[in-house]
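Presented below is the structure to which this report refers.
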Amino acid sequence: MAEQISQEGMHNQSYQYMIETIVPSDRRSNVYEFWRTDTVLRDRCKFIAGMYQAYVDDPTSENYFTALVADYLLEGMYFYNGFIFFYNLASRMLMPGSADIFKMINRDELSHVRLYQKMIPEAMQVFSHSKDRIYEMFDAAVQHECLWTNHIVGDNILGITESSTEQYTKYLANMRLRAIGLDPLYDETQYKKSPYAHLERFSDTKSEGHTKANFFEAQVTSYMMSSGVSGWDEI
């Protein structure tokens, strides 16, 4: 948990660095205050924050368990369409440096997801809870995530559509539910595969080193060793 707190601090610095590098100074305050003026974003934030506030106001075991699930939704559902946006750009050699930053953040978030995948099944054995409530929370998170992504991206970026956003988000929800021992929420025949599987090599979170770059336009940040070359690991 201490490591997660440290990483989240670095993530905040990364986001701030990107905003201050990309967005002109006279427009930055609009970015930081966007949640106050955009109702879709505000509702999305309030959904998660409200579950934390419920525990603060009434620290029962049920509210504690709900807050744990909220953490899992935040770490496991809320960021990934944003990651996909930048990986999609990187696939066409647009903003590759930004994609590299998100690749590092993505790696950290997956470690956080793994933490809650261990904690929540244990918490199910200790705290009273409702599986129906978990499913309701997941479905609400999916709706918020789809609504927000379609609101901010929609069909306006090559390679991303409202349909692919829904498919990916529901695929992700099913995967996260299976990881904590619950049945998928959405029809697996329809949401069994990710529509963005071709972008996994840009995230490189599986350490397969398949990221490629044009040497004249970008730096190569990962390599796949030829099977015919040995001995370098020892060096």
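The values are calculated or read from the model by the stated rules, or taken from the named source; none is laboratory data. It should be emphasised that the depicted structure is a prediction, and the values quoted were computed from it without experimental measurement. Every residue, glycine as well, gets a Cβ built from its backbone with ideal geometry; the counts of neighbours run over all protein chains shown.
For the reader, a short list of remarks on this structure follows.
- Checklist (1) under 13 Å from the mean Cα position of the chain (by Cα); (2) farther than 14 Å from Asn81 by Cβ; (3) β-branched (Val, Ile, Thr) applied to Val142, failing item: (2)
- Residues of the stretch 1-37 that are under 23 Å from Glu109 (Cα atoms) and among the aromatic types (Phe, Trp, Tyr): Tyr15, Tyr17, Tyr32, Trp35.
- Restricted to the stretch 70-96, and to residues there that are out of contact with any helix residue (DSSP H, G or I) (no Cβ under 6 Å at 6 or more places or on another chain), of a type in the set (A, V, I, L, M) and surrounded by fewer than 22 Cβ atoms within 10 Å (Cβ to Cβ), the residue that is nearest to Glu109 (Cα to Cα) is Leu89.
- Contact map, the stretch 150-167: residues that are touching a residue at least 60 places away in the same chain (Cβ under 8 Å) paired with residues that are of a type in the set (Gly, Ala, Ser), Cβ distance under 8 Å, separation 6+ or inter-chain. Pairs shown: Gly159/Ser91.
- In the stretch 35-54 there is no residue that is assigned to a helix (DSSP H, G or I), charged (D, E, K, R) and more than 27 Å from Leu147 (Cα to Cα).
- Phe85 satisfies every condition listed in (1) under 18 Å from Ile152 (Cβ atoms); (2) without any contact (Cβ under 8 Å) to a residue 24 or more places away in the chain except (2).
- Scanning the stretch 74-84 for residues that are of a type in the set (A, V, I, L, M, F, W, C) and out of contact with any Phe, Trp or Tyr (no Cβ under 7 Å at 6 or more places or on another chain) yields Leu74, Met77, Phe79.
- Selection within the stretch 118-147: residues that are within 17 Å of Ser61 (Cβ to Cβ) and exposed (fewer than 13 other Cβ atoms within 10 Å of the Cβ). The member of this set that is modelled with the lowest pLDDT is Ser128.
- Within the stretch 114-139, the set of residues being under 14 Å from Glu75 (Cα atoms) and without any contact (Cβ under 8 Å) to a residue 12 or more places away in the chain comprises Arg114, Lys118.
- Leading residue by the ranking (modelled with the lowest pLDDT) among those in the stretch 6-43 that are within 18 Å of Met95 (Cβ to Cβ) and within 21 Å of the chain's Cα centre (by Cα): His11
- Residue within the stretch 69-92 that is under 18 Å from Tyr191 (Cα atoms), assigned to a helix (DSSP H, G or I) and of a type in the set (Ser, Thr, Tyr) present: yes
- Residues of the stretch 98-153 satisfying the condition of being part of a loop (DSSP other than H, G, I, E, B), over 22 Å from Arg178 (Cβ atoms) and not small (Gly, Ala, Ser): Val153
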